[in-house]
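Scroll down for the structure; my scribbles are underneath it.
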Amino acid sequence: MVKDLSVQLGGLRLKNPVIPASGTFGFGLELAGDMDLNVLGGISLKGSTREARYGNPVPRIADCTGGMINSVGLQNPGMDVLVNEKVPALRKIYNGAIIANISGFSVEEYRENCAKADACEGIDLIEVNVSCPNVHGGGLAFGTSAQAAAQVTAAVKEVCPNKPVFIKLSPNVTDIVEIARACEDAGADGLTLINTFLGMRFDIARRKPVLANTMGGFSGPAIFPIALRMVYQVAHACHIPVMGCGGVSSARDVVEMMMAGATAVQVGAQNLRNPFACPEIVSELPSVMEELHIDSLKDIIACI
Amino acid sequence: MQKKDYTVTENRLIAADTYRLVLSGEGPVEGEFVHLEIPGYFLRRPFSVCETSQDGLTLLYKTVGEGTRALANLPVGTTLSVVSGLGKGFSADACRENALLVAGGLGAAPLYLLAKELKAQGKHITAILGFNKADELVLQKEFEALCDQVAITTLDGSVGIKGFVTDALKSLQPEYDYFYTCGPMVMMKAVCDMLSGPGEASLEERMGCGAGFCYGCSIQTTNGPRRVCHDGPVFKKEEILW
């Protein structure tokens, strides 16, 4: 029997639930020559801010058991280049869901950036990043308080009449369910979780942190059980769709994340280890579904 | 960019803490460097290509950390996942007639790949290879087979000229119209500062994806931010902000 991989996310039909996570796949364009992007259900683009940013000094990446920590610091060419150059170029070659990932340093900046994304024809969904751990005063400051997360959500929803708005949550909080509920109450159309865990590595010979920015976001297979638990808790507490993210590295992980309640699944750190991870996962899904007697992926969402 | 499995056919200590790794598999590799998956480690490790063959490639590496120490323990016959076709290498065409190659330590490895290309183009090559001590010396015979002149320097004088590669540049005053350098940053900076002619240097940085999409190795240059893995690792000397 032909397997149905499609899912409905925030009013969009995705051909499959597999989406490279923001920051781990550039603007899609960087990989266009190496693979058929059109096998991907969606692409979450690199996080964008109002002005162009170089980001943090190098080293920005450190290896860890079961993953890595990064502190890229939102390097991006700015919102105008995103909507005028990157998205139109990707739209020409890609027919799946284009997800704009938006950051900001103030509620006003989030509003302004999201309004631009909402007005950009090629963008299908807006993912608001209130959880970047690598930029001082940006992102995470808004994602660790239910009140601030709700304030950003309400502000951006006012200026996004056309596109579904998902809020990307941080795991660096006491109670992620409280923040998820606050975003839902403030009008969010969906949630992406989780972003990275704040972590460190030291160079013990030099007695210094490996990363120039001292700390960074930990991600990779080691965080999968925690991400799965958080997706399970949030999906069962809220009534809006969830994109599950965190340590996903195989088709089986995608199925597990969906069983926890994810409607779509983002793959992050694994793309760095294997640039072909997302297309490989998509191609493996039908045989995993066959083995598990799943005809349609829609049937397993939040089945546990 | 391609991802393929290769088999370790040689992994042998050839100098102090320095190994020669020969991989064979389906066809030759392209690109300036390869990204190797080392069993047990999450991120791949980038290595400059030293030599290519019909069915694979040769790398030289130093055991400098956990990943390279684990690599050194892999026996012949191990299968390794290799991402290749990465990086922008040296521009051999930029040299009209006389090339000057200046290496520090294992910087000699990618310069050997370049030397073969320059030789095939009929260019004259002077190579200066610098090491700390005689026991680190690699590729001397290989360079001598391709170059018009090869000078070795060691910091302790245990072989060749005593001192830095810049001391050899001062004493030899080699004729060149384009230079190429690879080695530690301080050494490349000294070389670029000393040589007034045009040239380029191969940089090194901790990398994530190795293919230009994670922005983990972006550095500031005179042309704005550039990814070492994709826009480099080789940059023109005037682009580099030391």
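The values are calculated or read from the model by the stated rules, or taken from the named source; none is laboratory data. Computed from a predicted model, the values in this text were never measured in an experiment. Heads up, the Cβs are rebuilt from the backbone with ideal geometry, glycines too, and the neighbour counts pull from every protein chain shown. Just so you know, the surface numbers come from the protein's heavy atoms only, side chains and all, with ligands and any DNA or RNA stripped out. Shrake-Rupley method; radii C 1.70, N 1.55, O 1.52, S 1.80 Å.
For residues in the stretch B:73-98 being more than 12 Å from every other protein chain (Cβ to nearest Cβ), open to solvent by 20 Å² or more (accessible area, probe 1.4 Å) and not in a loop (DSSP other than H, G, I, E, B), which is farthest from B:Pro28 (Cα to Cα)?
Across the stretch B:73-98, the extreme among qualifying residues is B:Asn98.
Of everything in the stretch B:4-31, what is under 16 Å from B:Val49 (Cβ atoms), in contact (Cβ under 8 Å) with a residue 60 or more places away in the chain and within 14 Å of chain A (Cβ to nearest Cβ)? Give them in sequence order.
The answer is B:Lys4, and nothing else.
Out of the residues in the stretch B:209-240 that are away from every other protein chain (no Cβ under 12 Å) and free of Cβ contacts under 8 Å to residues at least 60 places away in the same chain, state the one that is nearest to B:Ala94 (Cα to Cα).
Selected residue: B:Lys236.
Could you list, in sequence order, the residues of the stretch B:171-185 that are touching a residue at least 12 places away in the same chain (Cβ under 8 Å), open to solvent by 50 Å² or more (accessible area, probe 1.4 Å) and more than 14 Å from chain A (Cβ to nearest Cβ)? Steps first, please.
Taking the stretch B:171-185 as the starting set, the residues that turn out to be touching a residue at least 12 places away in the same chain (Cβ under 8 Å) are B:172, B:174-185.
Subset that is open to solvent by 50 Å² or more (accessible area, probe 1.4 Å): B:172, B:175-176, B:184-185.
Selection gives B:Leu172, B:Glu175, B:Tyr176, B:Pro184.
Please specify each residue of the stretch B:196-224 satisfying the condition of being among the hydroxyl-bearing types (Ser, Thr, Tyr) and surrounded by fewer than 19 Cβ atoms within 10 Å (Cβ to Cβ). Walk me through it before giving the result.
Within the stretch B:196-224, the first condition is being among the hydroxyl-bearing types (Ser, Thr, Tyr), and the residues that meet it are B:196, B:202, B:215, B:218, B:221-222.
Within the stretch B:196-224, B:Ser196, B:Thr221, B:Thr222 qualify.
Please tell me if A:Gly78 is surrounded by 24 or more Cβ atoms within 10 Å (Cβ to Cβ), within 27 Å of B:Gly224 (Cα to Cα), among the small types (Gly, Ala, Ser) and modelled with pLDDT of 95 or more. Give the derivation first.
On the way: surrounded by 24 or more Cβ atoms within 10 Å (Cβ to Cβ): no; within 27 Å of B:Gly224 (Cα to Cα): yes; among the small types (Gly, Ala, Ser): yes; modelled with pLDDT of 95 or more: yes.
No; evaluated as a whole, the condition is false for this residue.
In this structure, is A:Ile123 more than 27 Å from A:Met215 (Cα to Cα), in contact with a helix residue (DSSP H, G or I) (Cβ under 9 Å, 6 or more places away or on another chain) and either within 14 Å of chain B (Cβ to nearest Cβ) or part of a loop (DSSP other than H, G, I, E, B) (or both)? Before you say what the answer is, go through the steps one by one.
On the way: more than 27 Å from A:Met215 (Cα to Cα): yes; in contact with a helix residue (DSSP H, G or I) (Cβ under 9 Å, 6 or more places away or on another chain): yes; either within 14 Å of chain B (Cβ to nearest Cβ) or part of a loop (DSSP other than H, G, I, E, B) (or both): yes.
So A:Ile123 passes the test.
Is it the case that A:Val267 is within 14 Å of another protein chain (Cβ to nearest Cβ), more than 20 Å from A:Asp299 (Cβ to Cβ), crowded, with 24+ Cβ neighbours inside 10 Å and of a type in the set (A, V, I, L, M, F, W, C)? Outline the logic, then answer.
Values: within 14 Å of another protein chain (Cβ to nearest Cβ): yes; more than 20 Å from A:Asp299 (Cβ to Cβ): yes; crowded, with 24+ Cβ neighbours inside 10 Å: yes; of a type in the set (A, V, I, L, M, F, W, C): yes.
In short, yes.
In the stretch A:53-96, which residues are away from chain B (no Cβ under 14 Å) and either more than 29 Å from A:Pro17 (Cβ to Cβ) or part of a strand (DSSP E or B) (or both)?
Going residue by residue through the stretch A:53-96, those that are away from chain B (no Cβ under 14 Å) are A:79-80, A:82-85, A:87-89, A:91-96.
Scanning the stretch A:53-96 gives A:Asp80, A:Asn84.
Is at least one residue of the stretch B:186-205 without any contact (Cβ under 8 Å) to a residue 12 or more places away in the chain and within 14 Å of chain A (Cβ to nearest Cβ)? Break it down into steps so the answer makes sense when it comes.
Going residue by residue through the stretch B:186-205, those that are without any contact (Cβ under 8 Å) to a residue 12 or more places away in the chain are B:186, B:193, B:196.
Next, from what is left, pick out any that are within 14 Å of chain A (Cβ to nearest Cβ): none.
So far as the stretch B:186-205 goes, no, none of its residues is without any contact (Cβ under 8 Å) to a residue 12 or more places away in the chain and within 14 Å of chain A (Cβ to nearest Cβ).
Which of the residues spanning the stretch A:15-25 are in contact with a helix residue (DSSP H, G or I) (Cβ under 9 Å, 6 or more places away or on another chain), in a loop (DSSP other than H, G, I, E, B) and not β-branched (Val, Ile, Thr)? Talk me through it step by step, then tell me what you get.
Start the filter on the stretch A:15-25 by keeping residues that are in contact with a helix residue (DSSP H, G or I) (Cβ under 9 Å, 6 or more places away or on another chain), which leaves A:15-21, A:24-25.
Keeping just the survivors that are in a loop (DSSP other than H, G, I, E, B) gives A:15-17, A:21, A:24-25.
The answer is A:Lys15, A:Asn16, A:Pro17, A:Ala21, A:Phe25.
Determine if the stretch A:36-52 includes at least one residue that is in a loop (DSSP other than H, G, I, E, B), within 11 Å of chain B (Cβ to nearest Cβ) and open to solvent by 40 Å² or more (accessible area, probe 1.4 Å).
Checked the stretch A:36-52: at least one residue is in a loop (DSSP other than H, G, I, E, B), within 11 Å of chain B (Cβ to nearest Cβ) and open to solvent by 40 Å² or more (accessible area, probe 1.4 Å).
Select from the stretch A:10-31 the residues that are within 14 Å of chain B (Cβ to nearest Cβ) and open to solvent by less than 40 Å² (accessible area, probe 1.4 Å) and list them in ascending order. Lay out the reasoning, then the answer.
From the stretch A:10-31, those within 14 Å of chain B (Cβ to nearest Cβ) are A:20-31; that's our starting set.
Hits for the stretch A:10-31 are A:Pro20, A:Ala21, A:Ser22, A:Gly23, A:Thr24, A:Phe25, A:Gly26, A:Phe27, A:Gly28, A:Glu30, A:Leu31.
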